[in-house]
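Worksheet: one structure, shown below.
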Amino acid sequence: MARFIGPKARISRKFNEHIFGHCKQLTPARVEADGKVKHKQKNYQPGQHGKGRKKKVSPYAEQLKEKQKAKYIYGVLERQFRNTFERAARKKGVTGENLLQFLEARLDNTVYRLGIAPTRRSARQLVNHRHICVNGEIVNIPSYLLKPGDTIEVREKSKSLEVISDCVGAKNRKYSWLDWDFNLLTGKFLNYPSRDEVPENIKEQFIVELYSK
């Protein structure tokens, strides 16, 4: 399956966010009153010696940047991302919010949100290696879209895996659209999250404007 294998630290520095998990090249600067951590970026551009002047960013470049950031965060390549957007556009409601809901409903993302895996990339690997079941059946498709009421669980033979036990044993943030049973290693996708519940810093309206051209 196609996946991004490029320089992760460089991408994180480009967006000044921890796109692929914690990046050592982004150091915490301060914690704001709302609890958000502002990161201090290196004083030069990514790349060799940080050469080149900063250019004025056009509206198109801003829209493209938001699309790229969303793709990197959720680990989706262009064709799959566009298909997800077209599906969101056909659904009733706000297209940008629908897009984020479909991305959050992906099986690999849900495995990550439930705390079964430390990153989305490792969650994708667990799904590919047939360690995850949906409604009692093994599913090895990371892009599988969950529906409200679907049950996600760790396969019985995989519950003793160190990578899973170490992750579920740590303190994990709870999300209102997911339910998790620590003892049974079973979770439930309750509903699609609303926009204010999704913690990712994505300007989805820019993505809608980009694809609407």
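The numbers here are math on the coordinates, done by the rules we state, and not lab data. The shown structure was predicted, so the numbers you read here are calculated from the model rather than taken from an experiment. All Cβ positions, even for glycine, are placed from backbone atoms using ideal geometry, and neighbour counts span all protein chains on display.
Applying 1/(1 + (r/R0)^6) with R0 = 41 Å to the Cβ-Cβ distance of Leu161 and Glu209 gives a FRET efficiency near 0.40. Taking 13 Å as the straight-line reach from the Cα of Lys69, the aspartates and glutamates in range (excluding those fewer than 8 positions away in the same chain) are Glu17, Glu78, Glu200, Glu204.
Here the Karplus relation 6.51 cos²θ - 1.76 cosθ + 1.60, evaluated at θ = phi - 60°, turns the backbone of the range 185-199 into coupling constants of 6, 10, x, 9, 8, 6, 6, 6, x, 7, 4, 6, 8, 7, x Hz, with x for every Gly and Pro. Backbone amide hydrogens, once placed in the peptide plane, bring Ile132 within less than 5 Å of Val139, Arg155, excluding anything fewer than 5 places away on its chain. Let me make sure I get this right: for the range 106-191, a, b and c are the square roots of the gyration tensor eigenvalues over alpha carbons, sorted descending. Under 1.5 in a/c it's rounded, otherwise prolate if a/b > b/c, else oblate. Which is it? Verdict is rounded for the range 106-191. Cross-link pairs exceeding 30 Å between alpha carbons, from the set Lys56/Lys92; Lys56/Lys203; Lys157/Lys188; Lys157/Lys203; Lys71/Lys147; Lys91/Lys159: Lys56/Lys92; Lys157/Lys203; Lys91/Lys159. Applying both filters, DSSP loop and at most 13 other Cβ atoms within 10 Å, to the trypsin sites (Lys or Arg not before Pro) of the range 96-152 gives Arg130.
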